[in-house]
Amino acid sequence: MPTVTYAGTDVVVNDEGFFENPEAWTPDMAPEIAQNLGIDTLTDRHWQVINFMRQEYLAKGTAPSVRALGKTSGVEVKELYQLFPKGPAKLAAMIAGIPKPIGCI
Amino acid sequence: MTKRIVILGGGTGGTLTANRLRKAISPHEAEIVVIDQNNQHIYQPGLLFIPFGMATLEEIVRPRSRQLHSGIEFRETAIDHVDIQADQVYLSDGSSLGYDVLIIGTGAVLQPEETEGLVGPGWMKNVFTFYDPEGAVALHQALDAFTGGRVAVNVVDMPIKCPVAPLEFCFLADWYFHERGIRDKVDLIYVTPLDGAFTKPVASKALGQLLSQKSIEVITEYNTGQVDEEKGRLISYDGREVPYDIAVMIPAHGGSPYIGRSEGLGDELNFLPTDKHTLQTTVKPNIFALGDAAGVPTSKAGSVSHFEGEIIVENVTRFLSGKSLDASFDGHSNCFIESGFHKALLIDFDYDTEPLPGHYPTEVGMPLLKESHLNHLGKLMFQSFYWHSLLPGRDIPGIGSSMPTHGKHFEALEHS
C-alpha cells in the first residue's frame with residue numbers, strides 16, 4: 001500500500017488513492033488532496049458535500065452515490081459536477097478520507 | 001391466535017417466499033396474504049429477447065395468482081402507504097390490513113423522468129428501454145425497421161436490475177445485425193457510468209475483451225446528464241456527447257413510490273435499509289425485505305431473490321416463535337450472460353467473492369466466465385425451471401443458497 005503525506009502527516013492509501021483508515025483523516029488534509037485532484041480551492045459548497053459524505057459514511061458504513069447525494073446533501077447533481085467535475089461521489093469521498101462509494105454493484 | 005404475514009409484491013421474491021412459508025407454517029399458526037397492483041407475473045429475464053424477436057410477451061407473462069399455492073390469499077390492489085408504527089398497510093382501494101410480519105418484495109421501478117429530456121419527443125420513437133414490456137415490444141419494431149446507423153446502449157446510473165443485461169443486449173444486437181447481413185452498417189456503442197464493462201475486475205476484463213472482439217465501442221465513466229432527443233445525442237454532466245440513431249436506455253432505478261409515502265420506511269432512493277445477512281430491515285424488527293427492494297450490496301437479480309427466499313423463510317419462522325435470527329445470507333448471486341451465436345457465459349459470486357473462472361456448482365459443472373453452448377442451453381431451459389421449481393419453492397439438489405467455492409479458480413484474482 002502506498003504512503004502519502006498530507007498536512008505533514010503520513011497516511012496509507014490504496015492504489016486508487018482512497019484512505020485505508022478513515023480515522024487518519026483531518027480537515028486540514030482536504031485542500032492538499034483536492035489540489036492533487038485538480039480542485040484548486042475548496043469553497044463552502046465543496047465543504048458542504050465533503051462533510052456530508054463523511055457524516056453519512058460514519059453513520060451508515062457506506063458513502064452515498066451521486067444520485068443519493070443530489071437528493072440529500074442540499075447540493076443538486078448538476079452543481080455537484082461543477083464542484084467535482086471528474087465524478088462527485090468518487091472525488092468527494094477521496095477528499096473526505098473515506099473509502100470509494102460502493103453504490104455500483 | 002392466528003398471526004398474519006403480509007407480503008407486498010407478487011414477483012419472484014414474494015411468490016417463492018409465500019409458497020415456502022406456506023409449507024413451513026400451518027394455516028392455523030399464520031395466514032399469508034400477498035398484495036400486488038396487478039395480476040401479471042413477468043419472467044423478467046425474457047424481456048431481453050423480445051427486441052430481437054426471440055421471445056414474445058405472451059410467452060413470458062402468467063397470472064401471479066396462479067403461481068401461489070392454496071392457502072395463500074392474493075389481493076390485487078396498489079399500495080398507498082405503510083404505517084410502520086401501527087403495523088398497518090393502507091391500500092389504494094381504501095381498505096387497510098394489519099400484520100404481525102411484513103415482507104417487502106416490491107422490487108425496483110424505472111425512473112426515466114429523473115433524466116433531463118429522456119421522456120421527450122424521441123421516447124418510444126427512437127429512444128427505448130427494454131426493461132419494461134411496452135419498451136421491449138416497441139424496440140423490436142424499431143430494430144426490425146433499422147437499416148444502419150448508430151445504436152447507443154446507455155446505463156444511466158447504478159444500481160440497476162440485472163447489471164449484465166445491458167451487456168447481453170449489446171452481444172445479442174451484434175449477432176442480430178450480423179444475421180440480417182447489416183452488421184457492417186451498424187455502430188454499436190456501450191455507454192456506462194462504470195470504469196469498465198462490469199463492476200468487478202476479473203469479470204470486467206473478460207467481458208471487456210468480449211466487447212472488443214465483437215467490435216462494440218465502450219465509453220466509460222459516463223454520467224448521463226441529458227438526452228437531447230431533437231438532435232439525437234446523449235450529453236454527460238462533463239459535457240461529452242454521444243450521437244445516436246437509436247438509443248437503448250437503462251433508466252435510473254428506485255424503490256416503489258409507496259415506500260416514499262411511508263414515513264420511516266425507505267432510504268433516499270426508496271430502497272429498504274436491510275441487514276445484509278438476516279434480511280430483517282433496520283427500520284423495524286417485524287419488517288423483512290428481499291429482492292430488488294432490499295438495500296443490500298449485491299446484484300438486483302432474480303437469482304438473489306431465490307437464494308434470499310430460503311433465509312427469509314427461516315428467519316420469519318424464527319421471529320414468530322421468538323428465536324434469534326439466522327445471519328447466513330452471503331449475497332450469493334449468479335447469472336447467465338447471453339453472448340450471441342448460441343453461446344452464453346455464467347457468473348457466480350457473493351458479497352466477498354467476485355465472479356471468477358472455473359465451474360459451477362462443482363469442478364464438473366457448467367463453465368464460469370467463459371463462453372459455451374452449454375450455458376446458452378442453461379439460459380433457455382431456465383424459464384421452465386423458473387415457473388415449475390423456483391417459484392413453487394422446491395429445493396434443487398446441488399444448488400444451495402450459499403455460494404459454492406469448489407470449482408472456482410481463485411488464482412485468477414492474482415492476475416487481475
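The values are calculated or read from the model by the stated rules, or taken from the named source; none is laboratory data. Computed from a predicted structure; not experimentally measured. Please note: Cβ atoms are built from the backbone with ideal geometry, for glycine as well, and neighbour counts cover all protein chains shown.
A few comments on the model shown:
- Considering the stretch B:47-74, and only residues there that are acidic (Asp, Glu) and under 21 Å from the mean Cα position of the chain (by Cα), the residue that is surrounded by the most Cβ atoms within 10 Å (Cβ to Cβ) turns out to be B:Glu59.
- Count - residues of the stretch A:2-31 that are within 12 Å of the chain's Cα centre (by Cα), in a helix (DSSP H, G or I) and touching a residue at least 12 places away in the same chain (Cβ under 8 Å): 3
- Considering residues of the stretch A:73-86 that are surrounded by fewer than 24 Cβ atoms within 10 Å (Cβ to Cβ) and among the aliphatic types (A, V, I, L, M) only, the residue nearest to the other protein chains (Cβ to nearest Cβ): A:Val77
- Being in contact with an Asp or Glu (Cβ under 7 Å, 6 or more places away or on another chain) and more than 27 Å from B:Ile25 (Cβ to Cβ) is a property that B:Met366 lacks.
- Complete set of residues in the stretch B:151-198 that are within 20 Å of the chain's Cα centre (by Cα), buried (at least 22 other Cβ atoms within 10 Å of the Cβ) and farther than 30 Å from A:Gly70 by Cβ: B:Phe171
- Any hit, the stretch B:79-96, residues being assigned to a helix (DSSP H, G or I) and in the same structural domain as B:Gly295 (by TED's automatic domain parsing): no
- Of the candidates B:Lys200, B:Lys231, the single residue that is among the basic types (Lys, Arg) and within 12 Å of chain A (Cβ to nearest Cβ) is B:Lys200.
- Count of the stretch B:200-250 residues, restricted to those that are in contact (Cβ under 8 Å) with a residue 40 or more places away in the chain and not in a strand (DSSP E or B), is 19.
- Segments classed as strands (runs of 3 or more DSSP E), wholly inside the stretch B:327-379, with at least 1 members that are of a type in the set (Gly, Ala, Ser) and within 22 Å of B:Lys276 (Cα to Cα): B:333-340
- Screening B:Glu134, B:Glu113 for residues that are within 14 Å of chain A (Cβ to nearest Cβ) and either outside any loop (DSSP other than H, G, I, E, B) or surrounded by fewer than 20 Cβ atoms within 10 Å (Cβ to Cβ) (or both) leaves exactly one candidate, B:Glu113.
Residue by residue, here is whether (1) surrounded by 21 or more Cβ atoms within 10 Å (Cβ to Cβ); (2) of a type outside the set (Asp, Glu); (3) within 14 Å of chain A (Cβ to nearest Cβ) holds:
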position: B:Thr298; (1), (2), (3): yes, yes, yes
position: B:Gly302; (1), (2), (3): yes, yes, no
position: B:Val313; (1), (2), (3): yes, yes, no
position: B:Ser328; (1), (2), (3): no, yes, no
position: B:Cys335; (1), (2), (3): yes, yes, yes
position: B:Glu338; (1), (2), (3): yes, no, no
position: B:Tyr351; (1), (2), (3): no, yes, yes
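- Some residue of the stretch B:265-277 being in contact (Cβ under 8 Å) with a residue 60 or more places away in the chain, part of a strand (DSSP E or B) and not charged (D, E, K, R): yes
- Residues that are over 14 Å from A:Lys100 (Cβ atoms) and in contact with a strand residue (DSSP E or B) (Cβ under 6 Å, 6 or more places away or on another chain), drawn from the stretch A:12-24: A:Val12, A:Ala24
- Residues of the stretch A:57-72 satisfying the condition of being more than 10 Å from chain B (Cβ to nearest Cβ) and modelled with pLDDT of 90 or more: A:Tyr57, A:Leu58
- Boolean, B:Gly46 is within 14 Å of another protein chain (Cβ to nearest Cβ) and at pLDDT 95 or above: no
- Close pairs from the stretch B:137-160: first farther than 21 Å from B:Gln44 by Cα, partner in a loop (DSSP other than H, G, I, E, B), Cβ under 6 Å, at least 6 apart: B:Gly148/B:Ile182; B:Gly149/B:Asp245; B:Arg150/B:Tyr244; B:Arg150/B:Asp245; B:Ala152/B:Tyr244
- Filtering the stretch B:37-75 to residues that are in contact with a Ser or Thr (Cβ under 8 Å, 6 or more places away or on another chain) and more than 30 Å from B:Trp175 (Cβ to Cβ) leaves B:Gln37, B:Asn39, B:Arg64, B:Gln67, B:Leu68, B:Phe74.
- Criterion: of a type in the set (Gly, Ala, Ser), surrounded by 16 or more Cβ atoms within 10 Å (Cβ to Cβ) and either within 14 Å of chain B (Cβ to nearest Cβ) or part of a loop (DSSP other than H, G, I, E, B) (or both) - qualifying residue of A:Ala34, A:Ala89: A:Ala89
- Residue identified as crowded, with 23+ Cβ neighbours inside 10 Å and more than 17 Å from B:Gly9 (Cβ to Cβ) among B:Tyr237, B:Tyr222, B:Tyr244: B:Tyr244
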